[in-house]
Amino acid sequence: MVRRTKEDALATRDSIMDAAELLFIERGVSGTSLQHIASAAGVTRGAIYWHFEDKGALFNAMKERATMPLEAAMRMLDAAAGEDPLEHLRSYGLCVFDLVVDDPRARRVLEIITLKLEYVGELEVLRERRMQHREHFLASAERIVKEGIAHGRLKDTVKPKAAALGLFILIEGLVRGWLTKADFDLQQLGAEIVDTHLDSLRA
């Protein structure tokens, strides 16, 4: 009986997050109230408050449940670069594109964060988290570029900070553009664009 109750509670929690995810896509985060979510999930507002402190906590739980492509790919970038640092950077970009295209939940949550969210009030903390990820990427990519220059794999005229920032903006911009209107092949064209940028750095 206790197990059943716990399973029911988890199922309710998931159904609330499912409803929130779809409504945030449709109405935006600020345009979605807890009452909207409760009605869509078939529960009371009290049930939402039993599981989540507020809309910000619900949003964070929904985000944590999904695989965030730009963050998940960082594990790859943090590993040793090996003999070909540019291939290492390329793998990061392609991993992001694959996760965005192939994981529907990750894509929906990323679309909400990218296109449907205002970083105000209780959601301001998400801006800080995005900036932390950005700085993490830039530090790792800059380190890899410097290693590539030191080992003669990259041109010695390459500016590590500029190369790292350029790659970040390129990947993030491609993802945002595809989420806005998926009228191009993110995986194929994305790989070609990343290759063009990285090949310009190669010695």
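Taken together, the values in this text are just the output of simple stated rules run on the coordinates, not laboratory data. Remember, predicted model here, so these are calculated numbers, not experimental data.
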Nearest 10 degrees, 0 to 90: helix 55-65 Cα axis against the chain principal axis: 50
Here the stretch 109-125 yields Karplus 3J(HN,Hα) values (6.51, -1.76, 1.60; θ = phi - 60°; whole Hz; Gly and Pro given as x) of 5, 5, 5, 4, 5, 7, 10, 10, 10, 9, 7, 10, x, 5, 9, 4, 4
Between ALA203 and residues 5 or more places away or on another chain, the pairs with built amide H atoms under 5 Å apart involve LEU154, LYS155
Could you run the Karplus curve 6.51 cos²θ - 1.76 cosθ + 1.60 with θ = phi - 60° over the stretch 135-145 and give me ³J(HN,Hα) per residue in whole Hz, x for Gly and Pro? 5, 4, 4, 4, 5, 5, 5, 5, 4, 5, 4
Identify which of the listed values of log10 I(q)/I(0) by the Debye sum over Cα atoms at q = 0.18 Å⁻¹ was calculated from the structure shown: (i) -1.42; (ii) -1.29; (iii) -1.16. (iii)
Close lysine pairs (the chain; alpha-carbon distance under 27 Å; 8 or more apart or on separate chains) counted at 10
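Which value at 222 nm does the chain reach when only helices count, each DSSP H run of 4 or more adding -39,500 (n - 2.57), with the total divided by all residues and rounded to the nearest 500 deg cm²/dmol?
Details: 11 runs with 153 residues, N = 203.
About -24500 deg cm²/dmol.
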Going by the alpha-carbon gyration tensor, a ≥ b ≥ c the square roots of its eigenvalues, is the stretch 68-134 rounded (a/c under 1.5) or, if a/c is not under 1.5, prolate (a/b greater than b/c) versus oblate? oblate
